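Student: To start, I am sharing the structure in question, which I have written as structure tokens.
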Amino acid sequence: MANQYSYSFREGDGKNKALLGGKGANLCEMTQIGLNVPPGFVITTATCLLYQEKQQLPIGLMAEVKQQIAVIEQQSGRKFGDATNPLLVSVRSGSAISMPGMMDTILNLGLNQQTLAGLIAQTGDRRFAFDAYRRFIQLFGKVALGIADEKFDQPFAAVKNRAGIKADIGLEASHLQEISALFLEVVRVETGEEFPEDVYQQLEIAIKAVFNSWMGKRAVDYRREFHITPQIANGTAVNIVMMVFGNRGSDCATGVGFTRNPATGTNEMYGEYLTNAQGEDVVAGIRTPKPVSELAQEMPDLYQQLVALRTKLENHYQEVQDYEYTIESGVLYCLQTRNGKMNAQAMVKTSIDMVDEGLISKQRALLRINPELLEQLLHPQLNPHHTVPVLAQGLPASPGAACGACVFDADTAERLGKSGVAVILLREETKPEDIHGFFAAQGIVTSRGGKTSHAAVVARGMGKACIAGAEDIKIDVKLRLAIIGDIHLREGDIITIDGGSGNIYLGEIPTIAACFSPELKTLLGWADEIATLKVQANVDTPENARIAAEYGAMGIGLCRTERMFNASERLPIVIEMILANNPQDRQRALDKLLPFQREDFKQLFVAIYPHPVTIRLLDPPMHEFLPTAQQLEDEIHALKHYLLIVKAQRVTLETLNNHTHLPAPFAQLSEETVSAAIAKKQLMLKKVNELFEVNPMLGHRGVRLGMSYPEIYRMQTRAILEAAALCIKDGLQVHPEIMVPQVITLEELKKVKAIVLEEQRLVETEHQLKLDFKLGSMVETVRACLRAGHLAEIAEFFSFGTNDLTQATFSFSREDAENKFLPLYNESGILQDNPFEVLDIKGVGQLMRMTVTAGRNNNPQLRIGICGEQGGHPASIHFCHQIGLDYVSCSAPRIPIARLAAAHAKLLAAQN
Ligand code: PEP
Ligand code: MG
């Protein structure tokens, strides 16, 4: 139907989340698989877009809404706006992607003076009815009429105080009646109008309010932070559902559950509930709820129904579900379900378990995990041997260790966080409007609420440490103080939190690197079986190579040899090499460097054996190893002053004491010594000035150095081949790959190849064995892409250096771009991503595609990989798979992410 704006739960397509939103589609699906869902309907996301376009509801929508309400009336036997048996509804948002708490919801809609009387008659419970009424006025007032919560909080607190009541539960019907009247007055004063009595008018205003919340600041910020583009979710649906009440007495309850434990992944009943309460009480953390296990005692029959509900949900969705339910007068209703947001550890464990249980396939087990999530598993944990006493304890709501300065509101968290200060956000409870504080904080602590409170759910989704319901902490936001017994924590005081245990500590506690769980090993093993792309590591030291091997690297795709030059015992030799005025002096320095390099390479080969190791010949401009001219001039200036002091000291002593022996420390520092130091610095300064380049990154670097100083590349080649020879003698058949940086023409490769072949002959003769190695080229200049076919005549492999290639393609220098204009480009949407993090498929990607085709045309055996930073980014990995690369190489901590992304790329390509 062309203009169908809404679908009843009985007819809506449960798979069409784009049109019905995640919540709406699930309500349809749950209804259709026979779960007890209260009757209702969904207004589509397409209707939301029409509303956004015209800023008015489409003509015909409200007529359709009336028909849908009539259907609910028929199913429930209640009537909307009826004075004797009223139907009340909830009006809930829900886009294609879950955005917890980011958009608005209104409950108990349909109450007015008449229906209120009807509700009292229907339930025989005045207290309940007035409680529902005052909640409705406040929520409608806030969401639909834009009245701040504080306006309602004041009269509410006044009535409570006057009556001497501490907890809301102690309020009697007469108090709630008075509060309702005061709330109506608040609306009158704040809006200048009466609270709407017509229930359809209420409904129309509420629908508009939910649609408006799609463009609200919270929702817009959230979408930007989590890269939710219009392709992923466009507009919110509105779900209109018959109200069921968990707060109509002691045989009523409301709860939220996960089909498995979302913190650990354990297969067990998990969740919390409150008897005689409304759902928002659990989620908002206003009362601390009870664990679901207590329901087994309190309402054994309903507990069993809940167990059955959980099994049915998982079997149907084949995914861990996060569900909400209400028990109204002994009847269990399922109000919502969605895929559970879990931390990485729980996602991995549930994937393994669900495959073992026969619930899902290995492919599904891999695809359900977002590769980026695995980064959490590599987060540090508290050093288990620390002895710092626990300051306070709460519920372990989201694991991981975090340390930072206490802050008490989201704005301060954001301000300090943006200036680089690590902060922990402490709140009584959090609300959706605190979301920017979450982004900025290292961890979150609340003094109220349970493991399914807003703080817990949001922190888990972000993989941030969170402790909820730390009831021993009294938080005073006004005084910016957290009080724990005698201890006062002020803003800026440092605390450490452990979201895995719920412990809070004073001060900073050292952390240790996270370890690879056996479950993660299994999962990534499945990924490797499926993926065609191999994942290698960018590492420069044997120690990092060992870590990379542990993370499952299938070789080293890039060893930047220059990083080996910076160690303290080597740098002076490197400087000696640079300062050399003739080839003989340079050779002497190179001869000293060779054993260091040989030993490093040998250790790299061993650490990652039997996988290949790609070693790149020297790349950066020489001046990077020398001090700057300014630094040297300052030092020379100081030394000249010092020379005068040494001289004056000698003259003084000679004059007064008539002896020439200088006391320590001057004994060491004769005028000759200081003069020699000055001469050395001056020589260095001369060299630095000679090496000066206007734009060194586009200057004398990479293979250009190898052309000017072939003896450097010769030494490195010799060290690589000798290291290989030594390994072969030790029984390890290693396969070095020698890689040439910054290549622009075949002629450069030819010259390097000549050096390599000479060294090969020498080393093979000397060690009496055969070496097996490859010579390849970085592709990081635009010309290399354009001449790829020719380069492939010599190169046995290509490795895309997309750091440099991105700079060259955009004509941006990375440092300048990221520090100056790139944030603006990203925020204003001129560029969607930072191309130095996410491969620019439309530009750089096209050069790559061209290079692959041309290279393989001339050399079908050509191995091709990527070693720029983008090689560890999932979307970039998908593209690398698509254009047929053989491997990606990334930093060690990204390897697990890249392995999973490589499997995803293969599986998703097969699906399309
Ligand atoms: C590159 O340019 O992508 C690369 C890997 O080299 P470097 O980052 O060392 O310039
Ligand atoms: Mg480079």
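The values are calculated or read from the model by the stated rules, or taken from the named source; none is laboratory data. Since this is a predicted model, take the numbers as computed values, not measurements. Because the Cβ atoms are built from the backbone with ideal geometry, glycine has one as well, and the counts that use them run over all protein chains shown. Please note that ligands, DNA and RNA were not included when accessible areas were found on the heavy atoms of the full protein model with its side chains. Shrake-Rupley method; radii C 1.70, N 1.55, O 1.52, S 1.80 Å.
Student: Check off (1) more than 15 Å from ligand 1 (Cβ to nearest atom); (2) open to solvent by less than 60 Å² (accessible area, probe 1.4 Å); (3) assigned to a helix (DSSP H, G or I); (4) modelled with pLDDT of 95 or more for LEU822 and give me the number that stays unchecked.
Tutor: Going through (1) more than 15 Å from ligand 1 (Cβ to nearest atom); (2) open to solvent by less than 60 Å² (accessible area, probe 1.4 Å); (3) assigned to a helix (DSSP H, G or I); (4) modelled with pLDDT of 95 or more one by one, LEU822 breaks only (4).
Student: Scan GLY865, GLY872 and give me the residue that is modelled with pLDDT under 95, buried (at least 21 other Cβ atoms within 10 Å of the Cβ) and of a type outside the set (Val, Ile, Thr).
Tutor: Numbers: GLY865 fails: modelled with pLDDT under 95.
Step by step, each of GLY865, GLY872 is checked, and only GLY872 is modelled with pLDDT under 95, buried (at least 21 other Cβ atoms within 10 Å of the Cβ) and of a type outside the set (Val, Ile, Thr).
Student: In segment 767-788, which residues are open to solvent by less than 50 Å² (accessible area, probe 1.4 Å), more than 16 Å from ligand 2 (Cβ to nearest atom) and either touching an Asp or Glu at 6+ places or on another chain (Cβ under 7 Å) or over 30 Å from ASN834 (Cα atoms) (or both)?
Tutor: Across segment 767-788, the qualifying residues are HIS767, LEU769, LEU771, PHE773, LEU775.
Student: Taking GLU722 as the residue in question, decide whether it is open to solvent by less than 60 Å² (accessible area, probe 1.4 Å), out of contact with any Cys (no Cβ under 7 Å at 6 or more places or on another chain), acidic (Asp, Glu) and within 16 Å of ligand 2 (Cβ to nearest atom).
Tutor: Values: open to solvent by less than 60 Å² (accessible area, probe 1.4 Å): yes; out of contact with any Cys (no Cβ under 7 Å at 6 or more places or on another chain): yes; acidic (Asp, Glu): yes; within 16 Å of ligand 2 (Cβ to nearest atom): no.
Criteria not met by GLU722.
Student: Restricting the search to segment 390-437, which residues are under 21 Å from MET103 (Cα atoms) and open to solvent by less than 20 Å² (accessible area, probe 1.4 Å)?
Tutor: Within segment 390-437, ALA410, THR430, ASP434, ILE435, GLY437 qualify.
Student: Among the residues of segment 534-550, are any under 22 Å from the mean Cα position of the chain (by Cα), within 16 Å of ligand 1 (Cβ to nearest atom), among the polar types (S, T, N, Q) and open to solvent by 20 Å² or more (accessible area, probe 1.4 Å)?
Tutor: There is at least one residue in segment 534-550 that is under 22 Å from the mean Cα position of the chain (by Cα), within 16 Å of ligand 1 (Cβ to nearest atom), among the polar types (S, T, N, Q) and open to solvent by 20 Å² or more (accessible area, probe 1.4 Å).
Student: For segment 480-526, list the strands (runs of 3 or more DSSP E) that sit wholly inside it and hold at least 1 residues that are free of Cβ contacts under 8 Å to residues at least 12 places away in the same chain; which are they? Lay out the reasoning, then the answer.
Tutor: On the way: elements: 481-484, 487-490, 494-498, 503-506.
Where strands (runs of 3 or more DSSP E) fall fully within segment 480-526 and carry at least 1 residues being free of Cβ contacts under 8 Å to residues at least 12 places away in the same chain, they are 481-484, 487-490.
Student: Please report, ordered by residue number, the helices (runs of 4 or more DSSP H) entirely within segment 168-259 with at least 1 residues that are under 35 Å from the mean Cα position of the chain (by Cα). Spell out the reasoning first.
Tutor: On the way: elements: 173-191, 199-213, 217-225.
Counting at least 1 such residues, we get 199-213, 217-225.
Student: Something else about it: If you take the residues in segment 875-891 that are among the small types (Gly, Ala, Ser) and over 17 Å from the mean Cα position of the chain (by Cα), which one is least open to solvent (accessible area, probe 1.4 Å)? Quick ask: steps written out before the conclusion?
Tutor: Going residue by residue through segment 875-891, those that are among the small types (Gly, Ala, Ser) are 875-876, 884, 889, 891.
Filter once more, so that each one left must be over 17 Å from the mean Cα position of the chain (by Cα): 884, 889.
Numbers: GLY884: 31, SER889: 0 Å².
The residue in question is SER889.
Student: Related question: Of the conditions (1) in contact with a strand residue (DSSP E or B) (Cβ under 9 Å, 6 or more places away or on another chain); (2) at pLDDT 80 or above; (3) within 30 Å of GLY872 (Cβ to Cβ), MET462 fails just one. Which one is it?
Tutor: It fails just one condition, (2).
Student: A further question on this structure: Show the residue pairs that are 6+ apart or on different chains and have beta-carbon atoms under 8 Å apart, the first residue being within segment 818-846 and aromatic (Phe, Trp, Tyr), the second being surrounded by 14 or more Cβ atoms within 10 Å (Cβ to Cβ).
Tutor: Cβ pairs passing all conditions: TYR825/LEU831; PHE836/ASN803; PHE836/THR806; PHE836/ARG814; PHE836/ALA817; PHE836/GLU818; PHE836/GLU869; PHE836/GLN870.
Let's see how each residue does on (1) within 26 Å of GLN75 (Cα to Cα); (2) in contact with an Asp or Glu (Cβ under 6 Å, 6 or more places away or on another chain); (3) among the charged types (D, E, K, R):
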{"position": "ALA219", "(1), (2), (3)": "no, no, no"}
{"position": "ARG223", "(1), (2), (3)": "no, no, yes"}
{"position": "PHE226", "(1), (2), (3)": "no, no, no"}
{"position": "GLN231", "(1), (2), (3)": "no, no, no"}
{"position": "PHE245", "(1), (2), (3)": "yes, yes, no"}
{"position": "THR254", "(1), (2), (3)": "yes, no, no"}
{"position": "THR264", "(1), (2), (3)": "no, no, no"}
{"position": "TYR270", "(1), (2), (3)": "no, no, no"}
{"position": "TYR273", "(1), (2), (3)": "no, no, no"}
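Student: Let me ask something else about it. In segment 802-816, which residues are of a type in the set (Ser, Thr, Tyr) and near ligand 2 (Cβ under 9 Å from one of its atoms)? Reasoning before the result, please.
Tutor: Pass one, segment 802-816, residues of a type in the set (Ser, Thr, Tyr): 802, 806, 809, 811, 813.
If the condition is that a residue be of a type in the set (Ser, Thr, Tyr) and near ligand 2 (Cβ under 9 Å from one of its atoms), then THR802 is the only one that fits.
Student: What are the residue pairs meeting all of these: first residue in segment 786-799, first residue assigned to a loop (DSSP other than H, G, I, E, B), second residue within 16 Å of ligand 2 (Cβ to nearest atom), Cβ atoms under 6 Å, and 6 or more apart or on different chains?
Tutor: ALA795/GLY776; ALA795/SER777; GLU796/GLY776
Student: If you check ARG849 against the conditions, is it open to solvent by 40 Å² or more (accessible area, probe 1.4 Å), within 14 Å of ligand 2 (Cβ to nearest atom), more than 30 Å from LEU757 (Cα to Cα) and of a type in the set (Lys, Arg)? Break it down stepwise before answering.
Tutor: Numbers: open to solvent by 40 Å² or more (accessible area, probe 1.4 Å): yes; within 14 Å of ligand 2 (Cβ to nearest atom): no; more than 30 Å from LEU757 (Cα to Cα): yes; of a type in the set (Lys, Arg): yes.
Taking the combined requirement at face value, the residue does not satisfy it.
Student: Can I ask one more? Of the conditions (1) within 32 Å of the chain's Cα centre (by Cα); (2) crowded, with 20+ Cβ neighbours inside 10 Å; (3) among the polar types (S, T, N, Q), ASN16 clears all except one; give me its number.
Tutor: Result: ASN16 fails condition (2) only.
Student: Also: Only one of these conditions is not met by GLU73: (1) out of contact with any strand residue (DSSP E or B) (no Cβ under 6 Å at 6 or more places or on another chain); (2) more than 29 Å from PRO230 (Cβ to Cβ). Which number is it?
Tutor: Evaluating GLU73 over (1) out of contact with any strand residue (DSSP E or B) (no Cβ under 6 Å at 6 or more places or on another chain); (2) more than 29 Å from PRO230 (Cβ to Cβ) leaves (1) as the failure.
Student: Might you check whether a residue that is surrounded by 15 or more Cβ atoms within 10 Å (Cβ to Cβ) and out of contact with any helix residue (DSSP H, G or I) (no Cβ under 8 Å at 6 or more places or on another chain) occurs anywhere in segment 86-105?
Tutor: Yes: one or more hits.
Student: A further question on this structure: Do you know which of the residues in segment 333-362 that are modelled with pLDDT of 95 or more, open to solvent by 20 Å² or more (accessible area, probe 1.4 Å) and not in a helix (DSSP H, G or I) is farthest from VAL244 (Cα to Cα)?
Tutor: By that ranking, first place goes to SER361.
Student: Tell me which residues, restricted to segment 611-629, are open to solvent by 60 Å² or more (accessible area, probe 1.4 Å) and modelled with pLDDT of 95 or more.
Tutor: Listed by number, the list holds a single entry, HIS611.
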